[in-house]
Amino acid sequence: MLRRDPRRCLTATATAALLVDAWFDVTTSQPGPELATAVAMAVCAELPMAALCTVLAVRALPSRTRDKAPDTDGSDLQVSAAT
């Protein structure tokens, strides 16, 4: 992230899959202490991390205007008045 590598979007997106992991852990745990542990880990660790990674992934997406190729028809060229 510090180097602004465009591949950071892929890493953040993959890490945001913690949201699915939290859901799976909570729905498959046994009632009692196991369920309480799964809920606590989901609320305190996995869901905030998934939200943060989702924000980082969205911010890392390339902008269409920034990555747009220049027009080749010459319409973006400036003509000087001095001849």
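The values are calculated or read from the model by the stated rules, or taken from the named source; none is laboratory data. This one's a predicted model, so the numbers in the text were calculated from it and none came from an experiment. Every residue, glycine among them, receives a Cβ derived from its backbone with ideal geometry; neighbour counts consider all protein chains shown. Ligands, DNA and RNA are excluded from the accessible area calculation, which covers all protein heavy atoms including side chains. Shrake-Rupley method; radii C 1.70, N 1.55, O 1.52, S 1.80 Å.
Here the 3J(HN,Hα) profile of region 18-23, calculated from phi with Karplus coefficients 6.51, -1.76 and 1.60 at θ = phi - 60°, is 4, 4, 5, 5, 5, 4 Hz, Gly and Pro shown as x.
The modelled label-to-label distance for the pair residue 9/residue 55, using points 7 Å beyond Cα in the direction of Cβ, is 2.0 nm. Accessible area per residue for region 2-63, computed on protein heavy atoms with a 1.4 Å probe, is 74 Å².
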